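Just below is one structure, and these are the notes that go with it.
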Amino acid sequence: MASAEVNGTVLPLRAVRGIGRRRILAGLVLALLFPIAIEVLVSVLNYRNFAMIMLFQLAVAAAVAAIGGLWPAVVSAVLGSLLLNYFSAEPVGSLSIADPATLFTLVIFLAVACGVALAVGLATRRAQEAAYSGAEARALSELALRILRSDGSLESFLDKIRVNLGMEAVTLLSTFESPGATGPSWRVLASSGLQPPVTHAAADHAAVVDPNYTLLLRGGPLSEQHRRMLAAFGAFVVAVRERQQLVKSRQDNVRLAEGNKMRTSILRAVSHDLRTPWPGSSLPSAACARMT
């Protein structure tokens, strides 16, 4: 099982594999062996029930489909129909068919076997896609929880994106208005990895988060699953950036409130001193009154 590890925890991003080469090869081998084994067995037992032998071959095709997927099952169905024609259909020992009803039965058998193989292959693919979606949802959920528990730095978040997507480097760019420029300019907000790309030309992939932010990635190809996750990561980038700006704004408001409080205290002290006479300041006035 392939996986990605972040902070000591394994994320099951590739928790489910499809039908790999080994299973396809195994299915092809069984597609060649099983139909022959069925015909050898019924020949040894001298069993001549054409309908039952056909059902045995159909069961073999379904089993091969479950093991190796669609194409091995098609091979099994075609080979089974040929063996049925040669060993079980009249005239035995020839590929010619005397009874048109037998020909129709073999055609139906081939169509049903291929249909069963197709249905099994589609079911396997749907199960694989469902497992991928579940693994993706778990990874995104855990990543969101880690973002809430982390220090909130963009570098830490970009490092999680890089590891989860298997990239070599990730860079977050933001737009800003440059005097004299004909269009918006880009600046690097944060990066992760070795030699992160700083321009669109140097990146292998670019994801526009919104008109103000863009993610540049350098690394291997992105699968459709990774592209969906990258779109979700972009929403997280905006959330992290907005949280940073909110924290900075709150800190600025706290400093401004402390400065206003200090200025208010100074103004109150100065105002109080101006309204209150200095000690002894009334003595000259009293002396002047006695002299008059």
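The values are calculated or read from the model by the stated rules, or taken from the named source; none is laboratory data. This is a predicted model, so every value here is computed, not measured. Note: ideal-geometry Cβ built from the backbone for every residue, glycine included; neighbour counts use all protein chains shown.
When you scan region 248-264, do you find a residue that is under 34 Å from the mean Cα position of the chain (by Cα) and under 26 Å from GLU136 (Cα atoms), even just one?
no
Restricting attention to helices (runs of 4 or more DSSP H) lying wholly within region 8-99, give those where 1 or more residues are modelled with pLDDT under 85 and exposed (fewer than 14 other Cβ atoms within 10 Å of the Cβ).
21-44, 50-68
Conditions (1) under 28 Å from LEU215 (Cβ atoms); (2) of a type in the set (A, V, I, L, M, F, W, C), marked per residue:
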site: ALA232; (1), (2): yes, yes
site: VAL254; (1), (2): no, yes
site: THR264; (1), (2): no, no
site: SER271; (1), (2): no, no
site: LEU274; (1), (2): no, yes
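Only one residue in ARG187, ARG243 is modelled with pLDDT of 75 or more and either touching a Pro at 6+ places or on another chain (Cβ under 8 Å) or of a type in the set (D, E, K, R) (or both), so which one is that? Steps first, answer last, please.
Numbers: ARG243 fails: modelled with pLDDT of 75 or more.
Step by step, each of ARG187, ARG243 is checked, and only ARG187 is modelled with pLDDT of 75 or more and either touching a Pro at 6+ places or on another chain (Cβ under 8 Å) or of a type in the set (D, E, K, R) (or both).
Return yes when SER43 is closer than 22 Å to ARG22 by Cβ and in the same structural domain as LEU33 (by TED's automatic domain parsing) and no when it is not.
When the stated conditions are applied, SER43 does not pass them.
Tell me, which residue of region 100-110 that is closer than 15 Å to PHE56 by Cα and hydrophobic (A, V, I, L, M, F, W, C) is surrounded by the fewest Cβ atoms within 10 Å (Cβ to Cβ)?
Restricting to residues being closer than 15 Å to PHE56 by Cα and hydrophobic (A, V, I, L, M, F, W, C), the top hit is ILE108.
Would you confirm, using the coordinates I've provided, whether LEU194 is closer than 16 Å to ASP159 by Cα and surrounded by fewer than 13 Cβ atoms within 10 Å (Cβ to Cβ)? Before the answer, list the steps.
Values: closer than 16 Å to ASP159 by Cα: yes; surrounded by fewer than 13 Cβ atoms within 10 Å (Cβ to Cβ): yes.
So LEU194 fits the description; yes.
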